[in-house]
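J.: Sharing a structure with you now.
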Amino acid sequence: MRAAPFALAFKNAADVRRYSRLGAMLTHSCSLGYNGAVLQALAVHLSLQGTLALPQEFINKLISEMEAVEKDETAQRDSKALNLAEFPYCARLHKVKELMERNGVSIEEVISELGNGIAALESVPTAIFCVLHCLEAREGLPEHYGGLERTIAYSLALGGDTDTIACMAGAIAGAHYGILAIPQSWQRSCEGAEEADQLAERLYKLYHLDRPEDGMTMSDSNQPHSHGNKYSETTTPARKGNLTGSARKLKDNAADWHNLILKWDRLNEEGSSVAAKIVNSKISKESLKEHDVLMEGDHLSVAPSLVHQNSQELQAECTNLQNIVNKMAHILSKMEKMVSAGRGMCELEKFQYGAKGRPAPLFQTWSMQQFAEVSSRLYDVYKQELALKQTILQELAHTTNMDLSMVYLSSWLYQPYIEDSSKLLLESLLIETGHRAL
């Protein structure tokens, strides 16, 4: 279940096979264990190439790849010692193929044929079947679910080692559908989401490093053919490899805008909770001054320990809010870089094609200038919103007027500068670049 990142770091299938095997050998001495990792990594690799759009071709390629992997002398010896088929993973993949061709498959049949246990042989092929089975809507799963949501739900319904199977199935499906297919509520509730995003960026950079090729990759020599199938070279979902140059950069920028705004929204929710704690702490402090007093003869004095404790709590929450605003400022700096990149691409296009620009749009209808304008408008909106939040940060803990405190709280939560038109701009950008279906 830990093998997916190898497919995200290496373009070449040979590298994916090699490094996923080495990575798994650190913890698995039997070939059944590390060959399962190879199969998982290859499934993610093929998914990144868009091959899942052609399910039969996807499973056939996996079988072909695993035949070569399982010819290894050690794998043959281990299979014999365990009284398994000569090519155990290939045999399971053929069962996956058979199940795909049936009109109706019960959960009991899937468990009986493929398994749902902790062993790689009883979980990796099962995860692959879950992904393939859920490419289309299935009875018993909510109609509004997308493919990735169906995959996770179906994996859980199988029972057994659900965390392993759902994790692997989610990685394969995620490579096919992309991050935009993951509900925002899922992303917000995911522990370590920010760290995972940072690691993903580093893997992305590794993936695009120039490396000497050891030979043809599967994506070079075995691209899905469009004839005789409803998917063509231009309509195959998630076919990331088809885009280069400005088109690739624009599509990546669109995804970056979505991800940065998603991070901003998470921080906004977190900041709203912290700001509310600051206001409540202020109210509590004022209450202490009025009511928590000690009689000392004819004089009244505030209980010093309680006031000190309240001040410490207030300071801690102010520090938390400062950290959140700093993170928002970091997001804005990334947005600014994307605006700068957009302007640079406009200048490059003028240099290449003259003042009139490119004769045909890179995607559907937008010109390069329109992409740059949308990025600039989104950046301006979030720049204004950050300035407001910085003002709220400076004033919130010091204001004595409760009505004004409520205004600050509402302004933080509802973000007045980010109007519906900004959300429409983002959705338009995602639709134009193919991240959102019409």
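J.: Size of the range 4-177 along its principal axes in angstrom, Cα-based, largest extent first?
T.: Reported extents, whole Å, longest axis first: 47, 35, 27.
J.: Based on the Cα atoms of the range 1-80, what semi-axes does the equivalent ellipsoid have, where each is the square root of 5 times one gyration tensor eigenvalue, given in whole Å with the largest first?
T.: Working: eigenvalues 88, 46, 16 Å².
They are 21, 15, 9 Å, listed from largest to smallest.
J.: Sort Lys205, Lys95, Lys61 so the one with the fewest other Cβ atoms within 10 Å of its own Cβ comes first.
T.: Lys205, Lys95, Lys61
J.: For the range 328-438, what are Rg and Dmax over the alpha carbons, in angstrom?
T.: Here Rg and the maximum Cα pair distance are 18.4, 61 Å.
J.: Please list, or write none, the lysines whose alpha carbon is within less than 22 Å of the alpha carbon of Lys282, excluding same-chain residues fewer than 8 places away.
T.: Reachable lysines: Lys389.
J.: Using helices alone, I'd like the mean residue ellipticity at 222 nm for the chain: each DSSP H run of four-plus residues gives -39500 (n - 2.57), total over residue count, nearest 500. Walk me through the numbers before you get to the answer.
T.: Working: 18 runs with 297 residues, N = 438.
That comes out to -22500 deg cm²/dmol.
J.: Please return the longest range in the chain lying between exposed loop sites, taking GluC sites (Glu not before Pro), DSSP loop only, at most 14 other beta-carbon atoms within 10 Å, and leaving the sites out.
T.: Values: sites that count: Glu86, Glu136, Glu139, Glu143, Glu191, Glu213, Glu233, Glu419.
Counting only loop sites that pass the neighbour cut-off, the longest clear stretch is 234-418.
J.: For the range 96-192, what does the convex hull of the Cα positions come to per residue, in cubic angstrom? Intermediate results must be reported in sequence, preceding the final value.
T.: Working: hull volume 10.0 nm³, N = 97.
Spelled out: Cα convex hull of the range 96-192, divided by residues, is 103 Å³.
J.: Averaging the inverse of every distinct alpha carbon separation and then flipping it gives the Kirkwood radius. What is it for the chain, in angstrom units?
T.: Details: mean 1/r = 0.0396 Å⁻¹.
Across the chain, the inverse of the average 1/r is 25.3 Å.
J.: Something else now. Holding the Cα-Cα limit at 24 Å, pick out from Lys61/Lys205; Lys61/Lys95; Lys263/Lys337; Lys249/Lys334; Lys11/Lys97 the pairs that are longer than that.
T.: Values: Lys61/Lys205 27 Å; Lys61/Lys95 15 Å; Lys263/Lys337 17 Å; Lys249/Lys334 15 Å; Lys11/Lys97 26 Å.
Pairs exceeding the cut-off: Lys61/Lys205; Lys11/Lys97.
J.: Moving on to the next point. Karplus couplings for the range 190-196 from phi (6.51 cos²θ - 1.76 cosθ + 1.60, θ = phi - 60°), rounded to Hz, Gly and Pro as x?
T.: Karplus values, whole Hz, x for Gly and Pro: 7, 5, x, 4, 5, 5, 4.
J.: Would you please state the base-10 log of I(q)/I(0) at q = 0.13, 0.14, 0.17, 0.18 1/Å for the range 241-432, with intensities from the Debye formula using one equal scatterer on every alpha carbon?
T.: -0.76, -0.83, -1.04, -1.12
J.: Still on this structure: Cβ under 13 Å from Ile118's Cβ, Ile118 left aside: what net charge do those residues give with Lys, Arg +1 and Asp, Glu -1?
T.: Working: positive: none; negative: Glu122, Asp161, Asp163.
In short, -3.
Readers should treat all values here as calculations from the given coordinates under stated rules, not as data from a laboratory. As the structure is a prediction and not an experimental result, all values here were calculated from the model. All Cβ positions, even for glycine, are placed from backbone atoms using ideal geometry, and neighbour counts span all protein chains on display.
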